[in-house]
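Beneath this line is the structure, given in structure tokens, with notes to follow.
The values are calculated or read from the model by the stated rules, or taken from the named source; none is laboratory data. Note that the coordinates shown come from a computational prediction; the quantities given were computed from them, not determined experimentally. Quick reminder, even Gly has a Cβ in these numbers, built from the backbone with ideal geometry, and neighbours come from all protein chains shown.
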There are 2 protein chains.
Amino acid sequence: MGALATRLLVDKGAQIVGAIGRSPDKVGRDLGEVAGLDRRLGIAVEANAAEVLARGADIAVVCVGSYLATMRPHFALCLDHGVNVVTIEEETVFPWTTAQEDSKALDALAKANGVTLAASGAQDVFWLNLVATLLGASHRIEAVVGRCVWNVDDYGPEVARHLHIGRPEVEFDRHVATFGWPEFVARQTLEALVSRLGMTVASTSSDVTPVVASDPIYCRSLGVELKAGEVMGTIDRTVIDTREGARFELSMEGRLYREGETDDNQWDVFGEPRLSLRNAGVPYRFTTCSTMVNRIPDVVAAPPGLLSLDEMPVPSYKRELRVSQPD
Amino acid sequence: MGALATRLLVDKGAQIVGAIGRSPDKVGRDLGEVAGLDRRLGIAVEANAAEVLARGADIAVVCVGSYLATMRPHFALCLDHGVNVVTIEEETVFPWTTAQEDSKALDALAKANGVTLAASGAQDVFWLNLVATLLGASHRIEAVVGRCVWNVDDYGPEVARHLHIGRPEVEFDRHVATFGWPEFVARQTLEALVSRLGMTVASTSSDVTPVVASDPIYCRSLGVELKAGEVMGTIDRTVIDTREGARFELSMEGRLYREGETDDNQWDVFGEPRLSLRNAGVPYRFTTCSTMVNRIPDVVAAPPGLLSLDEMPVPSYKRELRVSQPD
């Protein structure tokens with residue numbers, strides 16, 4: 001994701017002033033080379049984040065991690081240096097209930113330093129703002145039901161292992177029964193949507209269902225062929241009931257694809273009138289990066305603090321990034 | 001449309017303080033009865049608009065006419081009385097190029113009276129704001145192409161006659177060759193979109209193509225059976241090229257439906273990445289009213305003037321209308 005974000009930033013004329021990496025096979029090399037661009041950028045990847053941040057920047061683009069607890073020290077380091085942060089880390093989309101202490105601390109730190117921390121990604125456009133905009137045509141909402149399908153193989157071996165891809169179904173069920181299953185971005189996105197609509201959460205429930213291979217299927221990111229009966233994905237579902245009576249549901253089906261399958265986004269609104277929205281073939285991986293890059297001027301212009309997505313303006317296309325002029 | 005809007009206003013708790021009508025079979029009767037509600041509202045339909053407006057109101061909901069030149073005196077009367085206006089009149093969506101003098105005069109009048117005039121309708125959500133939000137995920141836009149289909153029979157005999165429904169194709173072609181064809185809401189909506197994106201119109205072209213019946217088809221609003229070869233609808237298309245290079249195109253196909261057909265909204269974004277959006281079965285007639293009703297608090301809260309839709313905030317769901325408290 002960092003490599004793709006780098007290419008999009010360069011395309012849009014962002015002035016990149018530093019690059020931070022951890023992997024020994026990246027540190028010391030030119031960012032253009034590490035990101036697979038066809039030219040050098042004259043920016044070396046550095047391991048010491050504090051040194052890079054101390055040189056100053058309008059914003060840090062942070063493309064690591066999915067939970068706020070793990071990301072807190074990284075975000076804190078940026079904010080401490082007076083650098084705004086935009087990230088694809090999913091919990092920051094609406095961290096107030098699932099990461100209360102971390103989000104309050106980061107909000108206070110951002111305010112103390114006069115900078116902003118905000119998350120974006122495909123969910124910003126496809127699961128929050130398109131849906132909220134569609135509801136602008138609704139007279140009465142009974143239920144809002146979303147279903148998206150994403151390709152596990154788009155996100156590398158770490159995500160595939162996190163979803164237990166290739167494990168026997170019985171083992172998956174035993175794992176969930178024993179350890180539970182962490183809530184994923186479906187919950188945060190729905191909470192942001194409910195908050196944007198000015199509604200109040202009455203109850204929330206989340207569950208996970210394994211998607212089991214009925215025929216052998218190849219997992220590119222793990223380099224293994226799955227047998228029938230093994231887990232080829234999961235459906236993470238969150239349901240929120242509101243005090244106002246409307247119900248919100250989002251099922252995220254992340255799995256391996258067979259030939260010709262593409263990402264999908266479908267929302268149905270029950271009530272008066274019946275409404276629907278579909279983005280067929282929505283490229284979630286790419287649009288996670290492109291939406292985040294389009295968000296940069298919004299984050300720089302936003303008031304200080306940790307801003308959940310319901311507090312941000314509607315996302316918009318940015319033809320060029322001119323956050324600040326080079327000296 | 002006025003009857004449907006009345007029902008939605010009552011549903012959402014709006015305090016209706018007056019009703020204005022012209023037709024002798026409506027004037028003097030109770031609004032609830034005229035709107036086909038199952039109860040009286042205690043508000044008589046009155047013919048003298050100035051008298052009703054002089055009693056004061058937060059906003060006037062104006063559901064007549066499709067062009068600003070015809071509507072100017074009606075809007076002016078509301079604004080002169082210090083009453084905000086929301087309307088489904090289509091040109092006001094973006095009137096600055098096609099109705100320059102009328103829009104400037106109304107903008108000045110609204111400002112002088114400290115009130116706002118704005119249009120809304122299905123295009124607000126489905127052709128402007130959903131599309132602009134989708135483009136928040138776009139890295140590079142080459143072309144944005146929309147195609148919508150709407151049912152002529154949803155809008156009564158006046159609209160059917162305006163589209164030459166039931167006339168022979170050769171007669172339609174002769175009419176367009178002789179008199180031209182007025183630009184419809186496709187142009188205004190695209191201009192609002194281009195403006196919202198911060199782009200500049202380089203050139204605009206509009207054309208119309210008749211949709212000709214290949215088999216007999218019944219026109220409900222005119223009460224006639226069309227023969228093969230007669231006009232059963234039109235495709236109004238506007239294409240805008242921008243100085244920034246991106247092209248915008250919207251085709252509005254208004255025609256008679258055969259059994260089982262429904263309204264449709266489809267947008268394709270060419271560039272990087274390829275994006276699409278579809279609202280299958282979108283009920284344009286209903287959502288024109290429901291979106292306008294949801295807009296009421298936005299219009300009341302907006303700064304004074306004529307605000308085209310690109311200048312309005314993103315539309316949003318309103319559970320209740322509490323524009324002002326009753327005394």
Among residues of segment A:290-302 being closer than 15 Å to A:Asp124 by Cβ and of a type in the set (A, V, I, L, M), the residue farthest from the other protein chains (Cβ to nearest Cβ) is A:Ala302
Among (1) modelled with pLDDT under 95; (2) on the phi < 0 side of the Ramachandran plot; (3) within 20 Å of the chain's Cα centre (by Cα), A:Gly65 falls short only on (2)
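Residues are listed down the side, and each one gets a yes or a no for (1) under 21 Å from the mean Cα position of the chain (by Cα); (2) away from every other protein chain (no Cβ under 14 Å):
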position	(1), (2)
B:Ala5	yes, no
B:Asp11	no, no
B:Gly21	yes, yes
B:Asp25	no, yes
B:Leu37	no, yes
B:Glu46	no, yes
B:Ala69	yes, yes
B:Asn84	yes, yes
B:Glu90	yes, yes
By residue number, the members of segment B:179-190 that are of a type outside the set (S, T, N, Q) and either assigned to a helix (DSSP H, G or I) or surrounded by fewer than 21 Cβ atoms within 10 Å (Cβ to Cβ) (or both) are B:Phe179, B:Gly180, B:Trp181, B:Pro182, B:Glu183, B:Val185, B:Ala186, B:Arg187, B:Leu190
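State whether the residues of segment A:235-242 include one that is within 14 Å of chain B (Cβ to nearest Cβ) and not in a strand (DSSP E or B). Break it down stepwise before answering.
Applying the first criterion (within 14 Å of chain B (Cβ to nearest Cβ)) to segment A:235-242 yields A:242.
Filter once more, so that each one left must be not in a strand (DSSP E or B): none.
Looking for residues that are within 14 Å of chain B (Cβ to nearest Cβ) and not in a strand (DSSP E or B), one finds none in segment A:235-242, hence no.
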Looking at segment A:140-178, which of the residues that are at pLDDT 95 or above and at positive phi is surrounded by the fewest Cβ atoms within 10 Å (Cβ to Cβ)?
A:Gly166
Is it the case that some residue within segment A:81-92 is of a type in the set (Gly, Ala, Ser), modelled with pLDDT of 95 or more and not assigned by TED's automatic domain parsing to the domain that holds A:Val194?
yes
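From the list A:Ser195, A:Ser221, A:Ser214, A:Ser203, exactly one residue is more than 16 Å from the chain's Cα centre (by Cα) and under 23 Å from A:Gln266 (Cα atoms). Which is it? So that I can check it myself, show each step before the final result.
Details: A:Ser221 fails: under 23 Å from A:Gln266 (Cα atoms); A:Ser214 fails: under 23 Å from A:Gln266 (Cα atoms); A:Ser203 fails: under 23 Å from A:Gln266 (Cα atoms).
On inspection, the qualifying residue turns out to be A:Ser195.
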Does segment B:109-131 contain any residue that is surrounded by 24 or more Cβ atoms within 10 Å (Cβ to Cβ), at pLDDT 95 or above and among the acidic types (Asp, Glu)?
yes
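Would you point out which residue out of B:Leu117, B:Leu128 is hydrophobic (A, V, I, L, M, F, W, C), in contact (Cβ under 8 Å) with a residue 40 or more places away in the chain and assigned to a strand (DSSP E or B)? It would help to see each step written out before you state the result.
Working: B:Leu128 fails: assigned to a strand (DSSP E or B).
None of the other options fit; the residue is B:Leu117.
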What residue, among those in segment B:92-128 that are more than 14 Å from chain A (Cβ to nearest Cβ) and of a type in the set (Asp, Glu), is nearest to B:Pro313 (Cα to Cα)?
B:Asp107
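Touching a residue at least 24 places away in the same chain (Cβ under 8 Å) and over 28 Å from B:Leu275 (Cβ atoms), is that true of B:Asp102?
On the way: touching a residue at least 24 places away in the same chain (Cβ under 8 Å): yes; over 28 Å from B:Leu275 (Cβ atoms): yes.
Against the criterion (touching a residue at least 24 places away in the same chain (Cβ under 8 Å) and over 28 Å from B:Leu275 (Cβ atoms)), B:Asp102 qualifies.
Conditions (1) farther than 30 Å from A:Asp215 by Cβ; (2) surrounded by fewer than 16 Cβ atoms within 10 Å (Cβ to Cβ); (3) within 14 Å of chain B (Cβ to nearest Cβ), marked per residue:
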| position | (1), (2), (3) |
| --- | --- |
| A:Asp263 | no, no, yes |
| A:Val282 | no, no, yes |
| A:Thr288 | no, no, yes |
| A:Leu306 | yes, no, no |
| A:Arg319 | yes, no, yes |
For segment A:191-207, does any single residue satisfy the condition of being in contact with an Asp or Glu (Cβ under 9 Å, 6 or more places away or on another chain), modelled with pLDDT of 95 or more, surrounded by 19 or more Cβ atoms within 10 Å (Cβ to Cβ) and in a strand (DSSP E or B)?
no
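Of the residues that sit in segment B:265-280 and are of a type outside the set (S, T, N, Q), surrounded by 22 or more Cβ atoms within 10 Å (Cβ to Cβ) and at the interface with chain A (Cβ under 8 Å from one of its Cβ atoms), which one is farthest from A:Tyr317 (Cα to Cα)? Spell out how you get there, then give the answer.
Taking segment B:265-280 and keeping what is of a type outside the set (S, T, N, Q), we get B:267-275, B:277-278, B:280.
Subsequent filtering for residues that are surrounded by 22 or more Cβ atoms within 10 Å (Cβ to Cβ) retains B:267, B:269, B:275, B:277.
In the following step, the residues that additionally are at the interface with chain A (Cβ under 8 Å from one of its Cβ atoms) were identified as B:275, B:277.
Numbers: B:Leu275: 13, B:Leu277: 16 Å.
Here the residue is B:Leu277.
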Which of the numbered conditions does B:Leu79 fail, given that it passes all the others? Conditions: (1) farther than 28 Å from B:Pro283 by Cα; (2) crowded, with 22+ Cβ neighbours inside 10 Å; (3) more than 21 Å from the chain's Cα centre (by Cα).
(3)
Taking segment A:82-101 and keeping only residues that are surrounded by 22 or more Cβ atoms within 10 Å (Cβ to Cβ) and of a type outside the set (Val, Ile, Thr), one is left with A:Asn84, A:Glu89, A:Glu90, A:Glu91, A:Phe94, A:Pro95
